Amino acid sequence: MATPSYLSNVLPGFQFRVTDLQRQPSLAEMSKDGVYQGFVGLDRQAERQARQLAEAQVQAERAARQVAEAKLQQLEAELARLRQLR
């Protein structure tokens, strides 16, 4: 059975478990816990999101570069063909 959590009437979204007050879990542990995710480790969550965005941008740039390289090869082949026609 899950330990009940107490929800604040003053701070929206703030909640805690009495057992965690005694146990004092680490911030890393709390940032993975659904009770605390909304307000603990937000900086880590933001860093993770920024890293994911940067990785997506790198992948998009890589794909765009591949498309540009393929187009360049097509143009070079067309130029070589046209030079042969002279």
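The values are calculated or read from the model by the stated rules, or taken from the named source; none is laboratory data. Since we're looking at a predicted model, the values are computed, not measured. No Cβ is skipped: glycine too gets one built from the backbone with ideal geometry, and neighbour counts run over all protein chains shown.
What to note about this one:
- Single unsatisfied condition, TYR36 versus (1) out of contact with any Pro (no Cβ under 9 Å at 6 or more places or on another chain); (2) assigned by TED's automatic domain parsing to the domain that holds ARG17: (1)
- Residue check for VAL40: of a type in the set (Val, Ile, Thr) and touching an Asp or Glu at 6+ places or on another chain (Cβ under 9 Å): yes
- Per-region count, segment 1-30, residues of a type in the set (Gly, Ala, Ser) and closer than 21 Å to ARG44 by Cα: 3
- Index of the failed condition, LEU82 passing every other in (1) over 27 Å from the mean Cα position of the chain (by Cα); (2) part of a helix (DSSP H, G or I); (3) modelled with pLDDT under 90; (4) not basic (Lys, Arg): (3)
- Meets criteria (polar (S, T, N, Q) and on the phi > 0 side of the Ramachandran plot) for GLN24: yes
- Among the residues of this structure, ARG48 does not count as one that is surrounded by 10 or more Cβ atoms within 10 Å (Cβ to Cβ), at pLDDT below 95 and in contact with a helix residue (DSSP H, G or I) (Cβ under 9 Å, 6 or more places away or on another chain).
- Among the residues making up segment 12-45, those that are of a type in the set (Lys, Arg) and either assigned to a helix (DSSP H, G or I) or loosely packed, with under 10 Cβ neighbours inside 10 Å (or both) are ARG23, ARG44.
- Of all residues in segment 25-64, exactly one satisfies the criterion of being among the hydroxyl-bearing types (Ser, Thr, Tyr) and within 18 Å of the chain's Cα centre (by Cα), namely SER31.
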